[in-house]
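Novice: If you scroll down you'll find the structure; I have some questions about it.
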Amino acid sequence: MSRKKILEVKDLETSFFTDDGRIAAVDHISFSVEEGEILAIVGESGCGKSVTSLSIMGLVPSPPGKITAGEILLDGQNLATLSEKEMRQIRGKDVAMIFQEPMTSLNPLFTIGNQMMEAIQIHNKTWTKKQAKERAIEMMKLVGLPRAEELFKEYPHQLSGGMRQRVMIAMALVCDPKVLIADEPTTALDVTIQAQILKLMKDLNIRLQTAVLLITHDLGVVAETCERVIVMYAGQIVEQAPVQEIFKNPQHPYTKGLIQSVPDMRYKKDALYSIPGNVPKPGSIQKGCRFAPRCEYAFPRCSEENPELYSKTKAHTARCFLLDSENEVVLHAEMGGQVNGERIAES
C-alpha cells in the first residue's frame with residue numbers, strides 16, 4: 001500500500017554567488033519523502049547534503065546563497081516561493097530540524113525550558129504559559145530525559161552531550177512536524193549514546209508517523225535506521241535505492257567505494273580501503289561526470305558527457321554510463337570486456 005508523499009523536492013538548484021561567479025552547491029536534484037518513512041542522504045563532506053536540508057528549511061544564508069531553480073513541495077505548498085515571514089509560520093511547526101551540533105545550536109544564555117517553550121508559544125498563540133510548559137516537559141519525557149522538571153530549569157552547559165541531543169530532538173518534535181530533518185544527529189556522541197539516539201528516532205518515527213530525512217555519512221546508521229537511501233556527490237544525486245538493494249547491489253562506483261570504505265571486523269586487511277582523491281570544489285568540473293577523476297572504471301565518454309540517472313529497476317537509479325545499455329559494446333572494447341553494469345555490483 002503506497003503512502004502519501006509529504007515532501008517533494010523537484011529539480012532543486014541552490015547557488016552561491018561569489019567573486020568567482022555563480023556556483024551551484026545543489027545541482028538540480030529531485031526526491032520525495034513519504035509519510036512515516038526514514039530517508040537517508042549520504043555522501044562525503046562537501047557533497048551538498050547540508051545545503052539541501054537548509055534549502056528545505058529556508059535557512060540558506062542570503063547573500064550569498066539563493067534557491068535559483070526548482071520546487072520544494074510540503075503537502076503541495078511550494079516552500080521555495082515563500083517569504084521569510086511566511087516560512088517562520090511553517091519552520092518548527094510543519095517541518096523541523098535537528099542541527100548537527102547541539103552545544104552550538106542551543107543558546108547558552110537561556111534555560112532549556114525557555115528554549116523549549118519558544119516554538120510552542122510562536123505556533124500556538126492561544127496556549128497559556130502553563131500549557132506550553134506542560135507540553136515541553138511532556139516532550140522531554142517522551143525522548144527519555146530523566147528528571148524532566150529539573151532539567152527544564154537548567155542551562156545547556158549543565159547537560160551531557162547525549163542529553164543536549166535529546167533536548168534538540170524534543171525541541172524539533174514539540175509541535176508535531178510533518179517532516180523532521182536530522183543533520184548528522186549523532187556526530188561527536190559516543191557509540192552507546194549514538195545507539196540510544198538512533199533507537200529513539202526510530203521509535204518516535206513509528207509512534208508519531210513523522211517523515212524523517214536523515215543526513216549522514218555513516219553507512220552503519222543508514223543500514224540500521226533507514227528505508228531508502230540517496231547518495232550525493234558534488235551537488236548531484238548519483239544513486240538512489242531501497243537500503244537493502246543499495247548494500248547488496250550498488251550500481252555507482254562512488255557508492256561501491258563508500259561501502260568498501262566501511263571497516264569490516266570479520267576480515268583482516270593490510271590497509272583500509274579509501275576512495276582516491278577528494279570531492280571537487282563546487283563548480284570546478286564543468287564537463288563530464290564529476291566522479292570521473294576518482295573513478296577506476298572511467299573511460300573517455302565520462303570526461304565528455306555528464307551521465308543522466310539510469311534505471312536499474314523502478315526503485316533503483318544511478319548516474320553512471322556503466323548502466324547505459326548502448327554503452328555495452330563500447331565498454332567491452334575499451335575496458336577489455338571486464339566491466340559492465342551487472343559486474344560492478346558483483347565485483
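Novice: Using DSSP, restrict attention to beta bridges with both residues in segment 5-233 and report what percent are antiparallel, rounded to the nearest 5. Before the final figure, lay out each step's value.
Specialist: Details: 21 of 40 bridges.
Beta bridges within segment 5-233, antiparallel portion: roughly 50 percent.
Novice: If one computes P(r) from the Cα atoms of segment 92-145, what percent of pairs lie at distances over 16 Å? Walk me through the numbers before you get to the answer.
Specialist: Values: 700 of 1431 pairs.
Pairs farther apart than 16 Å: 49 percent.
Novice: Sticking with this one: For n ≥ 4 DSSP H runs only, could you compute -39500 (n - 2.57) per run for the chain, divide by its residues and tell me the 222 nm figure to the nearest 500?
Specialist: Details: 14 runs with 118 residues, N = 347.
Rounded to the nearest 500, the figure is -9500 deg cm²/dmol.
Novice: Further question: Could you list 164, 3 in order of exposure, starting from the residue whose Cβ has the fewest other Cβ atoms within 10 Å?
Specialist: Numbers: 164 20, 3 12.
The order, fewest Cβ neighbours first, is 3, 164.
Novice: Exposure proxy check: 111, 52, 317, 14 ranked by fewest other beta carbons within 10 Å?
Specialist: Numbers: 111 16, 52 28, 317 21, 14 25.
Ordered from fewest to most neighbouring Cβ atoms within 10 Å, 111, 52, 317, 14 come out as 111, 317, 14, 52.
Novice: Computed FRET efficiency, Cβ-Cβ of residue 59 and residue 202, R0 30 Å: what is it to the nearest 0.05? Don't jump to the answer; show the numbers that get you there.
Specialist: Values: r = 26 Å, r/R0 = 0.85.
It comes out at approximately 0.70.
Novice: Arrange the following residues from fewest to most other Cβ atoms within 10 Å of their Cβ: 28, 252, 157. Display every interim value, and only then the final one.
Specialist: Numbers: 28 15, 252 31, 157 9.
Result, fewest neighbours first: 157, 28, 252.
Novice: Roughly how many debye, to the nearest 20, is the charge dipole of segment 1-81 about its Cα centre, given +1 on each Lys and Arg Cβ, -1 on each Asp and Glu Cβ, and no other charges?
Specialist: Values: 7 positive and 12 negative charges, 27 e Å.
My answer is approximately 140 debye.
Novice: Which one, 175, 104, 90, projects farthest toward the positive side of the charge dipole computed for segment 5-233 from Cβ point charges (K/R +1, D/E -1)?
Specialist: Most positive-ward Cα: 175.
Novice: Efficiency by 1/(1 + (r/R0)^6): what FRET value for residue 121 and residue 264, r their Cβ-Cβ distance, R0 = 56 Å, to the nearest 0.05? Spell out each step's value before the answer.
Specialist: On the way: r = 50 Å, r/R0 = 0.89.
So, using R0 = 56 Å, E works out to roughly 0.65.
Novice: Moving to a separate point now. Taking the simple approach of a point 7 Å from Cα along Cα-to-Cβ for both residue 303 and residue 19, what is their distance in nm?
Specialist: It works out to 3.2 nm between the two label points.
Novice: Right, next: Treat every Asp and Glu Cβ in the chain as -1 and every Lys and Arg Cβ as +1, leave all other atoms uncharged, and give the resulting dipole magnitude about the Cα centre to the nearest 20 debye.
Specialist: Its charge dipole is roughly 1080 debye.
Novice: Shifting gears a bit: Would you mind computing the Rg to Rh ratio of the chain from its alpha-carbon coordinates, Kirkwood style for Rh? Could the numbers behind the result be given before it?
Specialist: Details: Rg = 21.6 Å, Rh = 21.6 Å.
A ratio of 1.00.
Novice: Rounded to the nearest 0.05, what FRET efficiency is calculated for residue 311 and residue 128 with R0 set to 56 Å and r the Cβ-Cβ distance? Working shown, then result.
Specialist: Details: r = 54 Å, r/R0 = 0.97.
Given R0 = 56 Å and the Cβ-Cβ separation, E is 0.55.
Novice: Along the Cα-to-Cβ line of residue 68, 7 Å from the Cα, sits a label point; which residues in segment 9-40 have backbone N less than 18 Å from it?
Specialist: Once the point is set 7 Å along Cα→Cβ of residue 68, 10-30 turn out to lie under 18 Å by backbone N, inside segment 9-40.
Novice: Would you mind checking 4/199; 85/312; 5/129 for any pair whose Cα atoms are more than 32 angstrom apart?
Specialist: Values: 4/199 24 Å; 85/312 43 Å; 5/129 35 Å.
Correct reply: 85/312; 5/129.
Novice: Which net charge results for the neighbourhood of residue 287, defined as the other residues with beta-carbon distances under 9 angstrom from its beta-carbon, given Lys and Arg at +1 and Asp and Glu at -1?
Specialist: Working: positive: none; negative: 304, 305.
Around residue 287, the charge tally is -2.
Novice: Still on this structure, I have one more. For residue 130, list the lysines whose Cα falls under 21 Å from its own Cα; do not include residues on the same chain fewer than 8 positions away.
Specialist: List returned: 93, 141, 153.
Read-outs: derived from the displayed coordinates by stated rules, not from any lab. Values in this document were obtained by computation on a predicted structure and should not be read as measured data. Every residue, glycine among them, receives a Cβ derived from its backbone with ideal geometry; neighbour counts consider all protein chains shown.
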